[in-house]
Amino acid sequence: MIVIHKDTINDLIELYRKKRITLEGNILKVIKSDDEQFIKYLDEAKVKDAETRRKRLDVTKQVQQQNKDLIQSQQENQLLMIDLQNALDDAKKAKSEAEKLRDAAVEDLEVLQKRKQFELINLIVKVALGAVGAVCLFTSLLYMYVLSKGLDAKIIESTWSNMFGIILTNCFSIIGTIMGVKHVTEQKK
């Protein structure tokens, strides 16, 4: 036990009255006195110390709870960030797949257009050759008919000759145009 001098006791009591400052902590457990006024001071100091400790404990508990909540929130944020990153990666993959599908669709469309153009060209060539063949056949039959009847064949002869020249020229013109168009479309690709 600690015994405190009377002057120190008076100073402590005076400090408490004027500024409301008391002794704190474990020292209060080891101080003994016979002075009733100092015993009352010690009792009030113990009550005040207990209250201060309780407030500190409450603050500590509150800070610990807030830290716990912050750590939990941080973990949740990290999980959300991971989920967000995964979603972004999935979106990039989906975009890449969509671009690949778009490119494949564009390529299929180009192939389809070329096939349709090729079919159209084939149809034009067949019709043109059919028309040329029909005109040649008709003119030749007419020329043979005129020759077999013994009629004047000078007009039909020149017509027949001109007709073959015009037909051949047009055939080469059509074929050249088709080949030129085909060559130009292949170069653009």
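All of the numbers you see were taken from the coordinates with simple rules; none came from a lab. All values derive from a computational prediction rather than experimental measurement. Cβ sites come from the backbone with ideal geometry, for glycine too, and all protein chains shown count toward neighbours.
Spin-label model, residue 144/residue 169: points 7 Å from Cα along the beta carbon direction are separated by 2.7 nm.
The overall shape of the chain, judged from the alpha-carbon gyration tensor, is prolate: a/c is not under 1.5, and a/b is greater than b/c. The stretch between residue 64 and residue 80, if pulled fully straight at 0.36 nm per residue, gains 3.4 nm over its current Cα-Cα span. Rounded to the nearest 0.05, the FRET efficiency derived from the C-beta distance between residue 116 and residue 177 at R0 = 25 Å is 0.90. The label-point distance for residue 108 and residue 5, in a model that sets each label 7 Å from Cα toward Cβ, rounds to 10.5 nm.
Between beta-carbons, use under 14 Å as the cut-off and find the net charge around residue 146, counting Lys and Arg +1, Asp and Glu -1. Before the final figure, lay out each step's value.
Details: positive: 149, 154; negative: 152, 157.
So the environment of residue 146 carries a net charge of 0.
So what's the net charge close to residue 99: Lys and Arg +1, Asp and Glu -1, counting the other residues with Cβ under 13 Å from its Cβ?
On the way: positive: 92, 93, 95, 100, 102; negative: 97, 103, 107.
Here the count lands on +2.
Just need the relative contact order of region 1-157 here, percent rounded to a whole number, with Cα pairs under 8 Å and 6+ apart. It would help to have the intermediate numbers written out before the result.
Values: 37 pairs, mean separation 19.7, N = 157.
Computed value for region 1-157: 13 percent relative contact order.
Working from label points 7 Å from Cα in the Cα-to-Cβ sense, the residue 96 to residue 20 distance is 6.9 nm. When the chain is described by a simple charge dipole with +1 on each Lys and Arg Cβ and -1 on each Asp and Glu Cβ, the residue from 106, 31, 164 located farthest towards its positive end is 164. For the pair residue 51 and residue 126, the difference between a 0.36 nm per residue extended length and the Cα-Cα distance amounts to 16.0 nm.
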